[in-house]
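Below is one structure, written out as structure tokens; the observations come after it.
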Amino acid sequence: MSPKITFWVPAVLRMFIVLLIALAIGYFSSMLWSAVSIGVGLTILIFLQLNYLYRLSLWLDSPDSSKLPDGWGAWTEIFSRLYRMRREDEKNQIELSEWLARFRQAMTLLPDGVVIMDDVLFLEWCNPVAEQHLGLKLSQDKNMRITNLIRSPEFMDYIILGRFDKPLTVTHRDRKLILHIIKFENRRQILVTHDVTESERIDRMRRDFIANASHELRTPLTVINGFLEINAMQPEMDSMTRAGHIKLMAEQGQRMQSLVEDMLTLTRLESVDFPIRVEHINMRNLLESMVSEMHGLSVGKHQISLINQGPDVMGSLDELRSAFTNLASNAVRYTPAGGTVVISWTQTENGPLFSVKDSGIGISPEHIARLTERFYRVDKSRSRETQGTGLGLAIVKHVVLRHKAVLSIDSTSGEGSTFSIQFPLSATVSTAEH
């Protein structure tokens, strides 16, 4: 029997019992018509009350403030209170939904991962960053135990020991993460993940830079100090020997000055507070001046040629001159005598292209990816001979990035190399701007 029928049956029975009582009273009191009138009136009243109760029961199955039934008498106040209560509930539900949406949006925008779990570590919710950090997928992993999803011995020990006052550092999915579990409410916990892979890499690069810079500066200083001590201990040294010492000290001093200048240049290029100074660059003048410098560096030992078929560009003249000169001078230094160096400037469908192609010693594939690191050298002994600072390609990389260009390296060991810088079409100066 349905709930609605079970509700009506006792109510109808009560109505007939009241009617029978009213008729009996009328019969024994010889007031039949009065009893009938009273019975009918009570029946109508009871029917109305039962009707309101039935409509109320229907509304309670699906409460909606816009569908609340109207009432009469005391029912007017009852329905009015129910209406206010329902409206307040609906308002609270809307506010809670809005706050929940804002919370999830805020958690989604956080740079750290956030995982909400119950007291037995079953996943309830996580943001996209946590999915990336931990390899989770909320749509599939919800209500799964987190220890079954993160297969890490260190994490398991962290959970078992329960010492959540200190964060845990783990390597997971080739990323270095800091994990921290925070107690939340009575039966919930929050797992926060912070990716420190990039910061660790930057710190390592900074330490390597300081160590390499100190080593590079110590070498010329050792040479200079050594010759100064010799000259101080041998005041009667012949002039030719002394002149040779002075020449060597001057070379080492020049090398140290070049190193300091390159370090300052690199620091300036990396600084966000040093905006690029954009200007119209006459590429013909820049390229011809650079090729002239390369002839001086080569001293006639190489065949150097220029192909200039590209347009003028907008950019920083000093920065592009530094980047182009670094690539061209490297080609000359690492190409044996009698080799060729071809410098070209052309217009492609993707934009202007600068390239330096040489027939030099080339580079093995395992070194190419690291060439733009500070102080990275393929052959340290040969770098000493070429008087390089080890910062040239790092400077080129940052100049290229600042001009929204792309550096590419194509090289084969023993056959030569090609270094190219692809500029965007937006860098081109149109004919109307000349």
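Values in this text are rule-based calculations from the coordinates and carry no lab data. All figures in this text were calculated on a predicted structure; none of them were measured in a lab. Positions of Cβ are backbone-derived with ideal geometry, glycine not excepted, and every protein chain shown enters the neighbour counts.
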Report the net charge of residues surrounding Leu136, where surrounding means a beta-carbon distance below 13 angstrom and charges are Lys +1, Arg +1, Asp -1, Glu -1.
-> +2
Show the residues, 5+ positions off or on another chain, whose built amide H is closer than 5 Å to the amide H of Thr169.
-> Leu179
Segment 78-187: which GluC sites (Glu not before Pro) are DSSP loop and have at most 15 other beta-carbon atoms within 10 angstrom?
-> Glu185
D (Stokes-Einstein, µm²/s), Kirkwood Cα radius, segment 110-195, 1.306 mPa s at 10 °C | 125
Using the structure shown, select from Lys357/Lys404; Lys142/Lys404; Lys247/Lys301; Lys91/Lys166; Lys301/Lys397 the pairs with a Cα to Cα distance greater than 32 angstrom.
-> Lys142/Lys404; Lys91/Lys166
Tabulate in residue order the Karplus-calculated ³J(HN,Hα) for segment 285-298, using 6.51 cos²θ - 1.76 cosθ + 1.60 with θ = phi - 60°, rounded to whole Hz; enter x for Gly and Pro.
-> 4, 5, 5, 5, 5, 5, 5, 4, 5, 5, 4, x, 5, 6
What are the aspartates and glutamates whose alpha-carbon lies under 17 Å from the alpha-carbon of Lys183, with same-chain residues fewer than 8 places away excluded?
-> Asp118, Asp119, Glu124, Asp165
Tell me, what HN-Hα J-couplings in whole Hz come from the Karplus equation 6.51 cos²θ - 1.76 cosθ + 1.60 at θ = phi - 60° for each residue of segment 254-262, using x for Gly and Pro?
-> 5, 5, 5, 5, 4, 5, 5, 5, 5
Please say if segment 189-337 is rounded, prolate or oblate, where rounded means a/c under 1.5 for a ≥ b ≥ c the square roots of the C-alpha gyration tensor eigenvalues, and otherwise the choice is prolate for a/b larger than b/c and oblate otherwise?
-> oblate
Neighbour-limited loop hits for GluC sites (Glu not before Pro), segment 258-359 (at most 14 other Cβ within 10 Å; DSSP other than H, G, I, E, B) | Glu349
In whole Å, largest first, what are the principal axis extents of the Cα atoms in segment 291-355?
-> 35, 23, 17
Once phi is turned into ³J(HN,Hα) by the Karplus curve 6.51 cos²θ - 1.76 cosθ + 1.60 with θ = phi - 60°, what whole-Hz value does each residue of segment 394-399 show in order, with x for glycine and proline?
-> 5, 5, 4, 4, 6, 5
Give or take rounding to whole Å, what are the principal axis extents of the alpha carbon atoms in segment 287-422, in descending order?
-> 39, 31, 25
Once you charge only the Cβ atoms, +1 for Lys and Arg and -1 for Asp and Glu, what is the size of the charge dipole of segment 201-270 about its Cα centre, to the nearest 20 debye?
-> 300
